[in-house]
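Below you'll find the structure, written out as structure tokens, and then a few comments.
The values are calculated or read from the model by the stated rules, or taken from the named source; none is laboratory data. All of these numbers come straight from a predicted model, not from anything done at the bench. All Cβ positions, even for glycine, are placed from backbone atoms using ideal geometry, and neighbour counts span all protein chains on display. We work out accessible area using only protein heavy atoms, side chains counted, and drop any ligands, DNA or RNA first. Shrake-Rupley method; radii C 1.70, N 1.55, O 1.52, S 1.80 Å.
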Amino acid sequence: MKFFIDTANLDQIREAQDLGVLDGVTTNPSLMAKEGIKGEQNIINHYKAICEIVDGDVSAEVISTDYAGMIKEGEKLAALHPQIVVKVPMTKDGIKAIKYLTGKGIRTNCTLVFSAGQALLAAKAGATYVSPFIGRLDDISTDGVALIAQIVDMYNFYGFETQVLAASIRHTMHIIQCMEAGADVATCPLSAILGLLNHPLTDIGLEKFLADYKKVNG
Ligand code: G3P
């Protein structure tokens, strides 16, 4: 399972990259706004800066909602850097844009996916990634991880190549559940990734190893 970090914060992206297990980055307009990145040129520069930090795919989302605007913006974003994957919302125009961009050899990430039917359309349009938002489903008392499992089964059954990118991950247990469900990618906050490191028996064991070493070595 690949690990992407879901942030536009350069320090957090660097920290995850330094850990040596990072496979990519996802951003969205809310995450860019959270970092105070505004204005077309600043946004472009920020995407380039992210691409310089990481080796893997970097999702950059279109703002347009109409087909013509989406493909124009998508082509511009894709031209910024070979690592850019164009993130397109799950709408009628979005599906058409994904089909067009795929035909041009541009990789896409279909975002704001909340049902298996939407994921089916994304795969048929040729999306590189589909992003079901599991945390937001959990927020409305619907099982987000169950949707990941359903989409994974459907894609495997029909042989779709679209990768299931579990998004809106809120905590470490979500990562474990997405792994069990067979997600290709989990895009996570840094805190959820770092949470995987923790186990009290590791801390206790290390403390004892060091104490025993000191007993004989001083
Ligand atoms: O990857 C999508 C993600 O950024 C949305 O997360 O926590 O706003 O639902 P959240």
Legend entry - In segment 123-133, the residues that are away from the ligand (no atom under 13 Å from the Cβ) and not basic (Lys, Arg): ALA123, ALA125, GLY126, ALA127, THR128
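Sort out which residues of segment 134-150 are surrounded by fewer than 19 Cβ atoms within 10 Å (Cβ to Cβ) and within 12 Å of the ligand (Cβ to nearest atom), and write them in order of number. Outline the logic, then answer.
Filtering segment 134-150 down to residues surrounded by fewer than 19 Cβ atoms within 10 Å (Cβ to Cβ) leaves 135-136, 138-143, 146, 149-150.
Once the filter is applied, which keeps residues that are surrounded by fewer than 19 Cβ atoms within 10 Å (Cβ to Cβ) and within 12 Å of the ligand (Cβ to nearest atom), segment 134-150 yields GLY135, ARG136, ASP138, ASP139, ILE140.
Does LEU201 satisfy the condition of being among the aliphatic types (A, V, I, L, M) and under 20 Å from the mean Cα position of the chain (by Cα)?
On the way: among the aliphatic types (A, V, I, L, M): yes; under 20 Å from the mean Cα position of the chain (by Cα): no.
No: the conditions fail for LEU201.
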Inset, instruction - Would you be able to say whether some residue in segment 55-78 is under 19 Å from LEU190 (Cα atoms) and more than 16 Å from the ligand (Cβ to nearest atom)? - result: yes
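Would you point out which residue out of ILE43, ILE63, ILE50, ILE37 is open to solvent by less than 30 Å² (accessible area, probe 1.4 Å) and hydrophobic (A, V, I, L, M, F, W, C)?
Values: ILE43 fails: open to solvent by less than 30 Å² (accessible area, probe 1.4 Å); ILE63 fails: open to solvent by less than 30 Å² (accessible area, probe 1.4 Å); ILE37 fails: open to solvent by less than 30 Å² (accessible area, probe 1.4 Å).
Result: ILE50 is the single residue among ILE43, ILE63, ILE50, ILE37 that is open to solvent by less than 30 Å² (accessible area, probe 1.4 Å) and hydrophobic (A, V, I, L, M, F, W, C).
Residue check: is ASP203 open to solvent by 50 Å² or more (accessible area, probe 1.4 Å) and closer than 17 Å to TYR129 by Cβ?
Details: open to solvent by 50 Å² or more (accessible area, probe 1.4 Å): yes; closer than 17 Å to TYR129 by Cβ: no.
Judged against the criteria, ASP203 is not a match.
State all residues of segment 97-122 that are aliphatic (A, V, I, L, M) and in a helix (DSSP H, G or I); if no residue qualifies, say none. Let's see the steps before the verdict.
As a first pass, look at segment 97-122 and keep what is aliphatic (A, V, I, L, M): 97-98, 101, 106, 112-113, 116, 119-122.
Those that are aliphatic (A, V, I, L, M) and in a helix (DSSP H, G or I): ALA97, ILE98, LEU101, ALA116, ALA119, LEU120, LEU121, ALA122.
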Inset, instruction - Report, by residue number, each residue of segment 20-32 that is within 12 Å of the ligand (Cβ to nearest atom) and without any contact (Cβ under 8 Å) to a residue 24 or more places away in the chain. - result: SER30
